[in-house]
Every structure is written in C-alpha cells, then in structure tokens.
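Have a look at the structure below before the remarks.
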Amino acid sequence: MAETVKVWDPLVRIFHWSLVASFAVAWITADEWDDLHIWAGYTAAALIAFRLAWGLVGPRYARFTQFLRAPGTVAAYLRDLMSGRERRYLGHNPAGGAMILALILSLAALCLTGWMTTLDMFWGDDWVEEVHEVLANVLLVLVGLHVAGVALASLKHHENLVRAMFTGRKRAPAAGDEA
C-alpha cells in the first residue's frame, strides 16, 4: 500500500460536503419548499463566508495562496493536460484552483440574488429571480465540470480524489509531483 500524507483538514472536508448538501437541497426545493430552500441558501452563504476566512488563515492546503494561480499558469496547465504532460499536485492543481474560485464566486452571487428576492426593495422584480435561476444553472454546469475534472485527475494520476476528500489523505508526493 502506498504511503499517504494528510492534505485536506477536517474543516475543509466538512465545508465541501456541507456545501454539496446545501446546494443539492436548495436545487431540489427551489419550486416546492420555500422555507427549506431559503435555509439551504443561508447555510450555503454561511459556509462560503467560513471558507473565505479559512482560505486566509487555515492550514497550508486550505489557503488560497497555495492553489490560486495566475490565468497564464492555469492555461499552461490545461495545455499540459491536453498533451498528457501535466504534473500531479498534492493540493489543488491550477485548473482545480480556478474551479474553486469560479464555484465560490458563483455560489456567493447565487446566495446574494436569493437574499435579494426576500427584500422589499426587490420584491416581485423578475430580473432578480431570473438572474438567480441563471446562476443556479451556471452552477450546475460548473459542478458537472468540477466532477469531470476530479474524475479525469483521479484516472490520470491513479488516485481516488473523492476518497481523499473524505479521508483527507492522498498518496505521498513522488519525484516530479508538485507538493
């Protein structure tokens, strides 16, 4: 059995799966159970606020400085991925970091527009609800891309990234890996 190392701390893992659950609940209840939908949205907003703080003060692999890369670095990684020369990253790879940023920003905007629909100032304004629905659909696409990226990286690097997000552990870095 390959040696493993701790990468994802418990708070990152709890955040991740709680956000998955709150988004799924909000999506499922969108047209049927308003109170549950709203509370799922508030939960997602609180989780995002926590993650923003944890991205600044959390442990190494939770910090934004560890995985957010310049657009040119992300593009170079994607080119390497297409040619089969991408490096394995112990934390998030540059594309994964960009996806996290896209997911967090989109979810924050989704929560904001959802909250706006509860304010007297925007009550009954169709544009707010339409933007909210568009953002929810954009998030579905982003989630699909995220899951596809996780599956692709898992296959290419022969490690189960879903399991790693439950256990917090990944295969120890080898020569050429980015730790």
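The values are calculated or read from the model by the stated rules, or taken from the named source; none is laboratory data. Quick caveat: nothing in here was measured; it's all calculated off a predicted structure. Cβ atoms come from the backbone with ideal geometry, glycine included; neighbour counts cover every protein chain shown. Heavy atoms of the whole protein, side chains included, go into the accessibility calculation; ligands, DNA and RNA do not. Shrake-Rupley method; radii C 1.70, N 1.55, O 1.52, S 1.80 Å.
In region 155-179, the residues that are at positive phi and open to solvent by less than 70 Å² (accessible area, probe 1.4 Å) reach residues that are of a type in the set (D, E, K, R) and assigned to a helix (DSSP H, G or I) with C-beta atoms within less than 7 angstrom, at least six apart or across chains, in these pairs: Gly168/Arg13.
Does Thr43 satisfy the criteria of being more than 25 Å from Glu178 (Cβ to Cβ) and either among the hydrophobic types (A, V, I, L, M, F, W, C) or more than 13 Å from the chain's Cα centre (by Cα) (or both)? It is true that Thr43 is more than 25 Å from Glu178 (Cβ to Cβ) and either among the hydrophobic types (A, V, I, L, M, F, W, C) or more than 13 Å from the chain's Cα centre (by Cα) (or both). Note on region 1-36: residues that are under 20 Å from Ala179 (Cα atoms) and part of a helix (DSSP H, G or I) amount to 3. For region 35-72, a tally of residues being among the polar types (S, T, N, Q) and surrounded by 15 or more Cβ atoms within 10 Å (Cβ to Cβ) returns 2. Here Gly114 clears all of (1) surrounded by 17 or more Cβ atoms within 10 Å (Cβ to Cβ); (2) among the small types (Gly, Ala, Ser); (3) more than 22 Å from Thr43 (Cβ to Cβ) except the condition numbered (3).
Going by the structure shown, is Ala75 over 23 Å from Ala46 (Cβ atoms), hydrophobic (A, V, I, L, M, F, W, C) and surrounded by 14 or more Cβ atoms within 10 Å (Cβ to Cβ)? In short, yes.
Taken together, Ala164, Ala174, Ala148 contain a single residue that is touching a strand residue (DSSP E or B) at 6+ places or on another chain (Cβ under 9 Å) and among the small types (Gly, Ala, Ser), which is Ala164.
Taking the criterion of being open to solvent by 60 Å² or more (accessible area, probe 1.4 Å) and in contact (Cβ under 8 Å) with a residue 12 or more places away in the chain, the only residue of region 94-111 that qualifies is Leu101.
Residues in region 118-132 that are surrounded by fewer than 17 Cβ atoms within 10 Å (Cβ to Cβ) and either free of Cβ contacts under 8 Å to residues at least 40 places away in the same chain or under 29 Å from Ala70 (Cα atoms) (or both): Leu119, Asp120, Met121, Phe122, Trp123, Gly124, Asp125, Asp126, Trp127, Glu129, Glu130. Taken as a whole, region 10-32 holds at least one residue that is over 24 Å from Thr113 (Cβ atoms) and open to solvent by less than 50 Å² (accessible area, probe 1.4 Å).
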